[in-house]
1. Where does helix 192-218 land angle-wise versus the long Cα axis of the chain, in degrees 0 to 90, nearest 10?
2. Kindly express, to the nearest 10 degrees and within the range 0 to 90, the angle between helix 84-101's C-alpha long axis and the longest C-alpha principal axis of the chain.
3. How many percent of the alpha carbon pairs in region 13-95 exceed a separation of 15 Å?
4. Once both axes come from the Cα atoms, what is the angle between helix 141-151 and the longest principal axis of the chain, in degrees from 0 to 90, rounded to 10?
5. Please compute the per residue accessible area over the chain with all protein chains in place, 1.4 Å probe, rounded to a whole number of Å².
6. Which whole-angstrom value gives the distance between the alpha carbon centres of region 84-142 and region 2-50?
Amino acid sequence: FASGLVVIYAMFNHATAIGGWSLPEAIALFGVFMIFEAFIEVFLYPNLGKLPDYVRTGNMDFMLLKPLSSQFLVSFRYFNIWRAPDAIVGSALLGYGMLQTGGLAPASIVLALLMLLAGAVTTYAIWCMLTTTAFWWVRVNNMMELFNAFFVAGRFPITAFPIWVRVILTFIVPIAFITTVPASAAVGRLDWPMALGSLAIAAGFLLLSHLFWRWAVANYTSASS
């Protein structure tokens, strides 16, 4: 948290705007980044991060025998409460950015919450698809680290990057829809095409993750067989 703020303030010591974003707007974006970082550490890593071990040890067999969706069971069994304060700090930063930019109107708050939800769904779906490859490859830690390497770019506005990087972070690994779009909604920078695009991306990735999961389970051979 402290090092992230130091980087932001260091950058703004040499510029009045980064990618067209002011300092309060950049702080709001960093708050959104921290919220999603907490989401990954509190929910995704403690659950989806265990999937390779379930497949390797055969514990996945017991998940498939339970009368609930196996994807749901694998995704939401545990949570790491010790990283939850990160979300509180991130929310405080987001609130500060909204206060400084006049974005605390009810409509802006509702839109920001909706975009945060869409970003969370997109993040979950990407993580789910990456870890689902464990049904074939078992060891997929490097793939999750690859996502994290892209995700750290979400601390900065998408407009701060060269065009070719923007294309990657928007259409290949949609980090822009995870962090920049919710922050844009919070500070009053979001246009409707991007808002609708964020919802469409979230719905599309969630559907893909579910279909990919079903395909993986259909091709799963028990560790005991």
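1. 10
2. On a 0 to 90 degree scale, this one is about 30.
3. 66
4. That helix lies at roughly 20 degrees to the long axis.
5. On the way: 11430 Å² over 225 residues.
Accessible surface, normalised per residue, equals 51 Å².
6. Using only Cα atoms to place each centre, the spacing works out to 11 Å.
The values are calculated or read from the model by the stated rules, or taken from the named source; none is laboratory data. Note that the structure is a prediction, hence the values are computed from the model and not measured. Surface accessibility is based on the protein's heavy atoms, side chains included, excluding ligands, DNA and RNA. Shrake-Rupley method; radii C 1.70, N 1.55, O 1.52, S 1.80 Å.
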